[in-house]
Amino acid sequence: MSDYRQMWADLGLDLEKHDLLLGALPAIYENIYLSQENRPEGMGYFDFVISEIHGLRVKELMDHKAKGGKVIGTYCVFVPEDVVLAAGGVPVGLCAGAQFSIPDAEGVLPNNTCALIKSSFGFKVGRTCPYVQASDLVVGETTCDGKKKMYELLAEHHPTYVMEVPQKKTASARALFFDEILHFRDRVEAETGVRITPDSLTAATSLVDSKKTALQRFNAARKVASLPISGLDALLVNQVSFYDDVVRFTDKVNALSDELESRIKHGQSVFSDGAPRLLVAGSPMAIPNWKVHRVLEDSGAAVVAEESCIGFRYYNYLTGESDGTMEGQLRAIADRLLENHCACFTPNEERVQDILNLANEYSVDGVVQYSLSFCQPYANEAVKVGRALTAAKIPVLNIETDYNDGDMGQMKARVDAFLEMIKDR
Ligand code: BJ8
């Protein structure tokens, strides 16, 4: 760890505070992750990534910058990573899932703001995240109100660019979004000093599609009766997709999928027979937010899928090749992004249908609707989703929580009652 101190100091981190953060992580990870039994060997790579979360990957980013490359931080899957890659930049996800940074944000943001927004902002103002410090530019978007207002304040501390994401999927909204993608392309070119060509963009999109295809294959291994991997481990893989080098990550996920498919062939499961299968749907879970999966799986359930931007809403949509022109490729990217049915859109019946489809494809016994406290989009949309699930006779449990562990006992009691109800059906 000490090898990186100079790098962290150069990045302007508050070293004392940062030591506290990194000092706490190994015990938490050991307790939640390494204590699981019969994990696939391929998870060793992801354990390594976490052990080096503020070390080796950040060093790679700094080496890239030393060679004149740029790092672009993002907070939402609506920001097209292929455009950044096409300009030789490295995109990195900045959404934060740690309670640690929230006190720093609460001195500025209203307390009744969702934990993801507070944690992300707190990491910047508290100077405890090397990824945001390493970012030459951070890119926000106009999705939920809390995020857009936070970006105005974030811009006081860091070079920030905000993309407009529409709230409907009408023809005029699509035209607006395409225009935004053009502006973003221009902004990335200005930042990197690299002109994006149709070929470089097509190549970058192909890398992103390969990553998503690998994630689709990996997550498909969770459809079987004899589950080869825990929901906690699967969540981690989906989370790491936002930090890691795109080519290396794709290779590692494919290697892990080889192992999972072999486990499936040999009937090797990490769960006992009859563990209730659950789909978790709702707000994204950024590293190290493992709370709900932990409670669910500690209680004897198996999480088999995430209808989340850290999960299905990210990997499900591929761009493919277009007519080979710059405009055609950018249009294909814009169309792909607007396939994502984030709860910030209205109306959003497609998301309800996605959840029903996932429940069917993954043979779930129940759905947990997860929303972060004060997340209006997902908490409100839970009403319609809940009605549809009830009509389809699929049990549903609504969990609203934040990053604090204080309510875990109460959550576990509700989860236990939910699982009992499922078993008695
Ligand atoms: S496309 S889900 S990544 S906006 S949890 S900050 S919605 S109050 S994160 Fe998201 Fe893009 Fe949508 Fe996906 Fe607001 Fe809710 Fe907080 Fe959220």
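The values are calculated or read from the model by the stated rules, or taken from the named source; none is laboratory data. Here the structure is a predicted model, which is why all the values come from computation and not from measurement. Positions of Cβ are backbone-derived with ideal geometry, glycine not excepted, and every protein chain shown enters the neighbour counts. The area values use the complete protein model at the heavy-atom level, side chains included, leaving out ligands, DNA and RNA. Shrake-Rupley method; radii C 1.70, N 1.55, O 1.52, S 1.80 Å.
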**Prompt:** Within region 311-338, how many residues turn out to be within 18 Å of Ser210 (Cβ to Cβ) and surrounded by fewer than 16 Cβ atoms within 10 Å (Cβ to Cβ)?
**Reply:** 2
**Prompt:** Pairs, please: C-beta under 8 Å, at least 6 apart or cross-chain, first residue touching a residue at least 24 places away in the same chain (Cβ under 8 Å) and within 16 Å of the ligand (Cβ to nearest atom) and in region 344-361, second open to solvent by less than 20 Å² (accessible area, probe 1.4 Å) and hydroxyl-bearing (Ser, Thr, Tyr)?
**Reply:** Cys344/Thr143
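Quick check on my filter: what residues within region 128-148 are touching a Ser or Thr at 6+ places or on another chain (Cβ under 7 Å), within 13 Å of the ligand (Cβ to nearest atom) and open to solvent by less than 10 Å² (accessible area, probe 1.4 Å)?
Of everything in region 128-148, those that are touching a Ser or Thr at 6+ places or on another chain (Cβ under 7 Å), within 13 Å of the ligand (Cβ to nearest atom) and open to solvent by less than 10 Å² (accessible area, probe 1.4 Å) turn out to be Val139, Gly140.
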**Asked** Can you tell which of Ile399, Ile394 is over 17 Å from His293 (Cα atoms) and touching a strand residue (DSSP E or B) at 6+ places or on another chain (Cβ under 7 Å)?
**Response** Ile394
**Residue list for region 368-425, restricted to those being assigned to a strand (DSSP E or B) and of a type in the set (Ser, Thr, Tyr)** = Tyr370, Ser371, Thr401
**Message:** Quick test of your reading of the structure: Ser51 fulfils all but one of (1) farther than 29 Å from Met326 by Cβ; (2) free of Cβ contacts under 8 Å to residues at least 12 places away in the same chain. Name the failing condition by number.
**Reply:** (2)
**Message:** For region 99-127, give me each residue that is open to solvent by less than 10 Å² (accessible area, probe 1.4 Å), more than 14 Å from the ligand (Cβ to nearest atom) and under 24 Å from Val292 (Cβ atoms).
**Reply:** Ser101
**Prompt:** Only one of (1) buried (at least 20 other Cβ atoms within 10 Å of the Cβ); (2) in contact (Cβ under 8 Å) with a residue 40 or more places away in the chain is not met by Met408, so which one is it?
**Reply:** (1)
**Prompt:** For region 212-263, which residues satisfy the criterion of being of a type outside the set (D, E, K, R), over 18 Å from the mean Cα position of the chain (by Cα), part of a helix (DSSP H, G or I) and buried (at least 19 other Cβ atoms within 10 Å of the Cβ)?
**Reply:** Leu256, Ser257, Leu260
